[in-house]
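The values are calculated or read from the model by the stated rules, or taken from the named source; none is laboratory data. Remember, predicted model here, so these are calculated numbers, not experimental data. Note that we place each Cβ from the backbone using ideal geometry, even for glycine, and neighbour counts take in every protein chain shown.
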Amino acid sequence: MKIELPDHELMHSGHVGCPGCGAAVAMRFLLNALGEKTVMVIPACCWSIIAGPYPQSTLQVPVLHTAFETGGAVASGIRAALDVKGETEITVVTWAGDGGTFDIGFQALSGAVERNENFLYVCYDNEAYMNTGIQRSSSTPYGAWTTTTPGREWKKMRKKNIVEALAAHRIPYAATASVAYPEDLVAKVKKARRIQGSRFIHIFSSCPTGWRLPSELSIKIARMAVQTNIFPLYEVEEGVRYTINLRPKGYLVKEYFHLQGRFSHLTEEDLDQIQEMVDEDWDLLLRKAGTMPSM
């Protein structure tokens with residue numbers, strides 16, 4: 001798939017993200033796909049800092065920094081104000097981390113999409129509260145070390161399936177994307193931009209700092225998450241029509257886990273159990289997409 005990107009970048013140099021930050025890569029592709037007619041709502045998250053301190057900003061679109069829990073509500077209000085002014089061509093985007101989406105911001109998000117508010121909500125998912133010290137969120141995967149799940153107290157619960165939660169609201173469009181597959185990511189953002197109503201995109205955004213991973217492996221690890229079926233790429237339209245965008249061969253999850261320090265405490269038995277979870281989730285997704293699981 002070939003993607004066409006504008007010559008004019010809407011994310012300039014000078015951001016203060018960590019080396020290898022997947023969230024910075026994701027933002028660049030997002031803005032390239034959306035164009036200048038965009039208003040960005042950013043609840044408290046890494047990107048509250050990454051953009052740079054006021055009055056400087058690496059982002060060349062209007063940005064409203066807002067409270068952690070209010071991403072869905074603020075976007076709804078901006079959309080209503082723009083509609084009153086007749087500015088219907090402007091895309092309103094909430095850009096939030098997993099903490100502000102899966103946890104603290106879920107109430108406002110759920111309320112907004114239940115009303116089918118006309119905005120795009122994008123979650124860049126680095127699987128923990130990275131900006132405040134690598135605390136676990138409900139996006140943190142089973143088996144992961146964080147500062148609040150240390151040592152043998154590693155997280156014993158599965159990662160929340162946020163796309164399924166949004167699909168349950170029967171919104172027009174929900175999808176997953178990854179920084180390792182830019183063509184797919186850009187195509188989904190452009191598709192979402194054309195749709196009226198609530199749209200949700202869940203972007204897998206690797207975090208070398210929190211994942212205890214060399215920064216040069218940031219994109220490789222994101223690609224491996226897809227190739228192992230840990231983070232499948234798919235779309236859900238109207239809550240019921242599933243499309244799987246990539247059907248990988250399915251590498252063993254051990255290859256993915258062994259590269260990251262946040263999983264170094266896991267035993268072979270733990271990894272075997274996680275493999276069973278991943279296989280179960282993949283087979284369930286295949287059934288939802290109307291495809292029988294491979295034997």
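Restricting attention to the range 1-29, the residues that are in a helix (DSSP H, G or I), within 14 Å of G97 (Cβ to Cβ) and touching a residue at least 60 places away in the same chain (Cβ under 8 Å) total 4. For G77, the conditions (1) closer than 23 Å to F102 by Cβ; (2) buried (at least 20 other Cβ atoms within 10 Å of the Cβ) all hold with the exception of (2).
Note on the range 23-62: residues that are hydrophobic (A, V, I, L, M, F, W, C), within 16 Å of the chain's Cα centre (by Cα) and more than 22 Å from A222 (Cβ to Cβ) amount to 3. E216 meets the conditions (1) closer than 25 Å to L30 by Cβ; (2) out of contact with any Asp or Glu (no Cβ under 8 Å at 6 or more places or on another chain); (3) crowded, with 20+ Cβ neighbours inside 10 Å in every case but one. The failed one is (3). Checking the structure you have, find out if any residue of the range 246-253 is surrounded by fewer than 22 Cβ atoms within 10 Å (Cβ to Cβ) and among the small types (G, A, S). For the range 246-253, residues surrounded by fewer than 22 Cβ atoms within 10 Å (Cβ to Cβ) and among the small types (G, A, S): present. Assessment of the range 207-224 against the conditions (modelled with pLDDT under 95 and among the small types (G, A, S)) yields no matching residue.
Here P19 meets the list (1) under 25 Å from G210 (Cα atoms); (2) surrounded by 14 or more Cβ atoms within 10 Å (Cβ to Cβ); (3) under 20 Å from the mean Cα position of the chain (by Cα) almost entirely, failing just condition (2). Filtering the range 144-152 for residues that are closer than 25 Å to G111 by Cβ, at pLDDT 95 or above and crowded, with 16+ Cβ neighbours inside 10 Å leaves an empty set. Only one entry in D83, D98, D103 is surrounded by 20 or more Cβ atoms within 10 Å (Cβ to Cβ) and of a type in the set (D, E), namely D98.
Count of the range 46-73 residues, restricted to those that are touching a residue at least 60 places away in the same chain (Cβ under 8 Å) and either over 24 Å from K190 (Cβ atoms) or touching a Lys or Arg at 6+ places or on another chain (Cβ under 9 Å) (or both), is 3.
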